[in-house]
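Student: One structure, pasted below without further comment.
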Amino acid sequence: MMDGFDGMAGLTAADTGEVIPLLGIDVKARVSGRAARTMVVQRFRNGGAKPVEAQYRFPLPERAAVTGFRIERDGRTFTGTVSEREKAFADYDDAIARSDGAYLLESERPNLFTASVGNLPPGAEALVTVEYVEVLDRGPDGIEYVFPTAVAERYVPPASSWERDGRPSADVVGQEYAERVPYGIRIVLSVDGRDGIKAITASRSVTVDFSSDPVTARLAFENEAPDGDIRFIIEPKDGSGAPSATALRAADEDFLMVEWTPPTVDEGGGRDIMFLLDCSGSMQGSRIEQAKRALTACVAALEPGDRFGMVRFGSSLDRPWAGFKPVDDAALETARKLIASIQADLGGTELMAALSEAFSTWGQSSALISAPGSTPVSEAGAVRSRSVVLITDGEVSDEDRIFAAIRQERRGARLFVAGIGEAPNDHLGRGCARAGAGACEFIRHGERIEAKAAHLFGLTRMTPVSGLSIEAGPGWVLAPSDPAAVPGRPLVVFVRRIRSGTELEVVTPPIVELKAAVGKRALSVEAPVTPASDGSALPQLWARERVRELEEGGTGSLQGRSNARRDSEIVDLCERYGVVSTLAAFVCIEERAVKTAGGDMEFVRIPGLRPRDECEAEPPCAAPMPKFAGKIGRKRGMPPTPSAVLSAGVLLEPSLSVQEASNQSYRLYMRASTPPVDADPLMDALSLQKAAGGFGWEAADTLWGGKAPRPKGVDAKDLPKSWTTATAAATALVLAALAARYGSRKDEWEPLVGKTAKAFAAWLSGPGANATADGLPLTEWAEATARII
Amino acid sequence: MDKTYSMDRLSELTGYPPRTIRFYIASGYLPPSAGRGRGAAYGPDHLARLQALRDMQARGLRLADALGRSPGPDEPGLVGTDLPIGAKASAPALSIASPAGTDLGVTTKPTALPAATRYAIRLADGCELVVDADFMDRRPDAVRALVGAAGTILAKGVS
């Protein structure tokens, strides 16, 4: 039963005196390998004198297939069913009209849900359970379990401010915020396979119990504030990326889940990279400084033969030069200076326009692209890869339009997204990566932008994997139907087959063959098939993935279906497999023997907290408020009457906004005051990498924070082009210092020093084999010197 | 007695699904109906306001703050019809600047006649400028100037 909720009853919203009917959220998750099943129990209680209709908007991971909705009330349990959304709502509304209890779970976006608790009598309590399954990400540190708890504000572009159903997007993706909320979060994670787990860590205080199997990890505080993503990392003893498949045989269907990590192969060939930097007001402070450092170091890591361009964006666009610049020392120096001068001063986040602009750099040269999504090959046959690296903290409301634009406009380029923020919109980030056949990394509060940006930059070097197919036999339907394989990134594909009457005896294949092409090389791997465990959610996961593809406009065979046909296919899938989507909702009716009056009901929207990287700031009395740094938060209350519209208009002028803050219940929110940006010798030194690879003494001095030790004499012959003996010694010293001093930040520098490491190693193993410094072999001298602080 | 409409009829007349209509009632934009569910009765006021809303949507206007929502991140306080980057200026662009140079709020006045749209531009707490839509279309510069002058007067007083 729901223990641990004692003492949380009857709290009221700060300052308003109104009772918030949500008392606590209890999360129990079971993780087995990369599969996770989560139960979220929301405890509602009406502490007021009237019946209540409460509405609570909350985030879930975008990958979640929501498969269950149950209500416990007065010792009885009611189970919800999935229906087309309008019908579910009509049933809900009718139940309230009949004075029954009614519960509704709708999906506004794949990662944003609304739970409605209708007609809860005074003093009554209801436990609402939302159950979902998902396949977790496997990152470099291990398997990531993320439970989102806060919804960051999303920018609603003027061009798409209405939903298809006529509601204002701002209200559909928005959240009402309070300074404090009475409900906290409790999470208990049970992880199967104790012997294979090295450690479990989390982004908040956590206690881990290894004495049992499954291992349990629970948040140390019973009432963690719902103000951002709560992240657990399950570090395995061995992280195998070998292909594998799990099979489930249902009544008249077979399901497969295939996992594979495509290889990272660097076949060389020039790169075209567009760097796209978000310079909207919210990036001000440490975000833009870190992003600039990351960008400078990435630019310096470009190789001869590469070309690069840059777009910075906010509500407007700024492009320092047209098209691409070939990489040479002069171009790198220009870029360094330019990036140093960048400020986050471009207003709002018009992401779509920025992406279009970046993709348009490749012009309309469709001759270079043989097919959408394929690797562009020039007429000469040389492969030149195309990538866009996007760094943004943008939260926007029109994800589907952006995905469609990416698919349509990317001209064969891959999109790599570094998304910044404690409560990132994972639907936006992952969706962009899906549409752009690239990858996405989230950088939460306190994490460094440089590491993730460097990692994504490293991926642009890898030869694209194309034409992935899964050979499991005839009649199998893949979800997604055209999976994008990204080198080094674990991939999951779901497969379904409906067995016809004559095929009932057909057995599940013992192996599944995956075929793909890496550059021009064909690749074939075999994944052994193991049976899924009892209660596997493979059918729901397959259905959710299929629905997602339909929702996002589809690729491959799903592309171009008419809206009506697409919508009915989504609803059919949702009803058949019992999963939620934006077109199908869970509804649950609690028939009451004694009808409680539903007429005079109070409607309450339950407020949430802002993400923890935004906080309430002092009203800016003396200094004028930076135009876009501030945010206005409105206290929760009953919806205003129509005459109270336009409330925020006067807040735009700082002097008036302060007045407002004291007169009415307005508060001014700003991003957490950003700590002074520390000097970062590592990134600064990497920024000084030469176009052809190699470092000068300037870079070594930067790492040392003063004059780095020079050898008295260097004997080095047959140096790479444009190198001097000083370059050889400085490069040896910088590489040695990175290894000796910056081991903990290897993930940041390793993807960025590839060209130098390659050039240096090639020289050392050839003409430079006998190079010495102060009489020692060059690398020995460097290693010894690097250890001296 | 005023004419009443069933939910199905109201939905048919306005093109909004019932769920959306209930959303506007819950948000306070529409008055409560008599009863709930499929049997509830709605009045001419519901129809008029929903049609005004349709009109507003067709004109590409936003309702952001009509529902008491605060501006989103990096979002001007409230927006009339400021066009996105790259948008074709097929509709007459309207952007009303306050003395501070930022956009002032514009929204439909839902109490207006069904098909006619008016804008209520909030100048200060308790003070609004109401402009007919066609005036707004014809004289956007005049409206902008009025708002600018009003802002100066409200901030600095009458000199």
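Student: Please find, within segment A:161-179, the residue that is nearest to the other protein chains (Cβ to nearest Cβ) out of those that are open to solvent by 30 Å² or more (accessible area, probe 1.4 Å), modelled with pLDDT under 90 and over 26 Å from A:V40 (Cα atoms).
Tutor: Here the answer is A:W162.
Student: Check B:T20, B:T14 and return the single one that is of a type in the set (S, T, N, Q) and within 8 Å of chain A (Cβ to nearest Cβ).
Tutor: Numbers: B:T14 fails: within 8 Å of chain A (Cβ to nearest Cβ).
Residue meeting the stated conditions: B:T20.
Student: Here is a further query. Could you tell me whether A:V128 is of a type in the set (A, V, I, L, M, F, W, C), out of contact with any helix residue (DSSP H, G or I) (no Cβ under 7 Å at 6 or more places or on another chain), open to solvent by less than 10 Å² (accessible area, probe 1.4 Å) and assigned to a strand (DSSP E or B)? Walk me through how you get there before you give the answer.
Tutor: Details: of a type in the set (A, V, I, L, M, F, W, C): yes; out of contact with any helix residue (DSSP H, G or I) (no Cβ under 7 Å at 6 or more places or on another chain): yes; open to solvent by less than 10 Å² (accessible area, probe 1.4 Å): yes; assigned to a strand (DSSP E or B): yes.
Spelling it out, A:V128 is indeed of a type in the set (A, V, I, L, M, F, W, C), out of contact with any helix residue (DSSP H, G or I) (no Cβ under 7 Å at 6 or more places or on another chain), open to solvent by less than 10 Å² (accessible area, probe 1.4 Å) and assigned to a strand (DSSP E or B).
Student: Of all residues being touching a residue at least 24 places away in the same chain (Cβ under 8 Å) and acidic (D, E) in segment A:330-352, which is nearest to the other protein chains (Cβ to nearest Cβ)? Just the residue, please. Please lay out each step first, then the result.
Tutor: Initial filter on segment A:330-352 (touching a residue at least 24 places away in the same chain (Cβ under 8 Å)): A:331-332, A:335-336, A:338-340, A:342-352.
This time we only want the ones that are acidic (D, E), so: A:345, A:350.
Values: A:D345: 11, A:E350: 5 Å.
Among those residues, the one meeting the criterion is A:E350.
Student: Test A:R293 against the criterion of being within 14 Å of chain B (Cβ to nearest Cβ) and either open to solvent by 30 Å² or more (accessible area, probe 1.4 Å) or on the phi > 0 side of the Ramachandran plot (or both), and give yes or no.
Tutor: Criteria not met by A:R293.
Student: Restricting to segment A:32-51, and then to whatever is farther than 21 Å from A:V135 by Cβ and among the basic types (K, R), can you tell me which residue is most open to solvent (accessible area, probe 1.4 Å)? Walk me through how you get there before you give the answer.
Tutor: Pass one, segment A:32-51, residues farther than 21 Å from A:V135 by Cβ: A:41-51.
Remaining after also requiring among the basic types (K, R): A:43, A:45, A:50.
Details: A:R43: 31, A:R45: 74, A:K50: 90 Å².
Top of the filtered list is A:K50.
Student: How many residues, within segment A:309-330, are under 25 Å from the mean Cα position of the chain (by Cα) and either buried (at least 19 other Cβ atoms within 10 Å of the Cβ) or at pLDDT 90 or above (or both)?
Tutor: The initial filter retains those residues of segment A:309-330 that are under 25 Å from the mean Cα position of the chain (by Cα), namely A:309-317.
Then drop every residue that is not either buried (at least 19 other Cβ atoms within 10 Å of the Cβ) or at pLDDT 90 or above (or both), which leaves A:309-315, A:317.
Adding up the residues that qualify gives 8.
Student: For segment A:217-229, give me each residue that is touching a Ser or Thr at 6+ places or on another chain (Cβ under 6 Å) and either aromatic (F, W, Y) or open to solvent by 30 Å² or more (accessible area, probe 1.4 Å) (or both). Reasoning before the result, please.
Tutor: Within segment A:217-229, the subset touching a Ser or Thr at 6+ places or on another chain (Cβ under 6 Å) is A:218, A:220, A:226.
Answer for segment A:217-229, where residues must be touching a Ser or Thr at 6+ places or on another chain (Cβ under 6 Å) and either aromatic (F, W, Y) or open to solvent by 30 Å² or more (accessible area, probe 1.4 Å) (or both): A:R218, A:A220.
Student: If you take the residues of segment A:377-389 that are at pLDDT 90 or above and β-branched (V, I, T), which of them is nearest to A:W362 (Cα to Cα)?
Tutor: Residue satisfying both the conditions and the ranking: A:V388.
Student: State yes or no: is A:I273 within 27 Å of A:I187 (Cβ to Cβ) and open to solvent by less than 30 Å² (accessible area, probe 1.4 Å)?
Tutor: Working: within 27 Å of A:I187 (Cβ to Cβ): no; open to solvent by less than 30 Å² (accessible area, probe 1.4 Å): yes.
It is false that A:I273 is within 27 Å of A:I187 (Cβ to Cβ) and open to solvent by less than 30 Å² (accessible area, probe 1.4 Å).
Student: Only one residue in A:A90, A:A54 is buried (at least 23 other Cβ atoms within 10 Å of the Cβ), outside any loop (DSSP other than H, G, I, E, B) and within 12 Å of chain B (Cβ to nearest Cβ), so which one is that? Outline the logic, then answer.
Tutor: Numbers: A:A90 fails: buried (at least 23 other Cβ atoms within 10 Å of the Cβ).
Every option except A:A54 fails the conditions.
Student: Could you check segment A:214-305 for strands (runs of 3 or more DSSP E) lying wholly inside it with 1 or more residues that are closer than 30 Å to A:G693 by Cα? Walk me through it before giving the result.
Tutor: Values: elements: A:215-219, A:230-236, A:244-249, A:253-260, A:271-278.
Ranges flagged: A:271-278.
Student: Only one of (1) modelled with pLDDT of 85 or more; (2) more than 10 Å from chain A (Cβ to nearest Cβ) fails for B:M1. Which number is that?
Tutor: (1)
Student: Tell me the residue from B:A34, B:A58 that is more than 9 Å from chain A (Cβ to nearest Cβ), closer than 24 Å to A:G101 by Cβ and open to solvent by 20 Å² or more (accessible area, probe 1.4 Å), please.
Tutor: On the way: B:A58 fails: closer than 24 Å to A:G101 by Cβ.
The match here is B:A34.
Rundown of residues vs (1) of a type in the set (A, V, I, L, M); (2) more than 11 Å from chain B (Cβ to nearest Cβ); (3) open to solvent by less than 20 Å² (accessible area, probe 1.4 Å); (4) part of a loop (DSSP other than H, G, I, E, B), yes/no style:
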| site | (1), (2), (3), (4) |
| --- | --- |
| A:A95 | yes, no, yes, no |
| A:L105 | yes, yes, yes, no |
| A:A115 | yes, yes, yes, no |
| A:N119 | no, no, yes, no |
| A:P122 | no, yes, no, yes |
| A:V133 | yes, yes, yes, no |
| A:A159 | yes, no, no, no |
| A:V181 | yes, yes, no, yes |
| A:R186 | no, yes, no, no |
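Student: Same structure again: Filter segment A:484-535 for residues that are open to solvent by less than 70 Å² (accessible area, probe 1.4 Å), basic (K, R) and not in a loop (DSSP other than H, G, I, E, B); which is modelled with the highest pLDDT?
Tutor: Residues of segment A:484-535 open to solvent by less than 70 Å² (accessible area, probe 1.4 Å): A:484-497, A:499-501, A:503, A:506, A:508-509, A:512-514, A:516-519, A:523-525, A:527, A:529, A:532, A:535.
Applying the additional criterion that residues be basic (K, R) yields A:489, A:496-497, A:499.
Within this subset, residues satisfying the condition of being not in a loop (DSSP other than H, G, I, E, B) are A:496-497.
Working: A:R496: 92, A:R497: 87.
The qualifying residue modelled with the highest pLDDT is A:R496.
Student: Return only the number of the condition from (1) in contact (Cβ under 8 Å) with a residue 40 or more places away in the chain; (2) open to solvent by less than 30 Å² (accessible area, probe 1.4 Å); (3) under 28 Å from B:G35 (Cβ atoms) that A:N111 does not satisfy.
Tutor: Here A:N111 clears every test but (3).
Student: Suppose we keep only residues that are modelled with pLDDT of 90 or more and basic (K, R) within segment A:536-564. Which one would you say is most open to solvent (accessible area, probe 1.4 Å)?
Tutor: A:R546
Student: What are the residues in segment A:277-289 that are more than 14 Å from chain B (Cβ to nearest Cβ) and crowded, with 24+ Cβ neighbours inside 10 Å, if any?
Tutor: Answer for segment A:277-289, where residues must be more than 14 Å from chain B (Cβ to nearest Cβ) and crowded, with 24+ Cβ neighbours inside 10 Å: just A:L277.
Student: I'd like the residue in segment A:70-87 that is in a strand (DSSP E or B) and within 14 Å of chain B (Cβ to nearest Cβ) and, out of all such residues, is most open to solvent (accessible area, probe 1.4 Å). Spell out the reasoning first.
Tutor: Here is the first cut: in segment A:70-87, the ones in a strand (DSSP E or B) are A:70-73, A:76-79, A:81-84.
Narrowing further to those that are within 14 Å of chain B (Cβ to nearest Cβ): A:83-84.
Details: A:S83: 13, A:E84: 63 Å².
Going through the qualifying residues, I end up with A:E84.
Student: Return the pair list, or none, for Cβ contacts closer than 6 Å from residues in segment A:212-225 that are without any contact (Cβ under 8 Å) to a residue 24 or more places away in the chain to residues that are assigned to a loop (DSSP other than H, G, I, E, B), at least 6 apart or on different chains.
Tutor: Listed pairs, sorted by first residue: A:A220/A:S205.
The values are calculated or read from the model by the stated rules, or taken from the named source; none is laboratory data. Just so you know, these numbers come straight off a predicted model, no measurement behind them. FYI the Cβ positions are ideal-geometry reconstructions off the backbone, even for glycines, and counts take in every protein chain you see. Heavy atoms of the whole protein, side chains included, go into the accessibility calculation; ligands, DNA and RNA do not. Shrake-Rupley method; radii C 1.70, N 1.55, O 1.52, S 1.80 Å.
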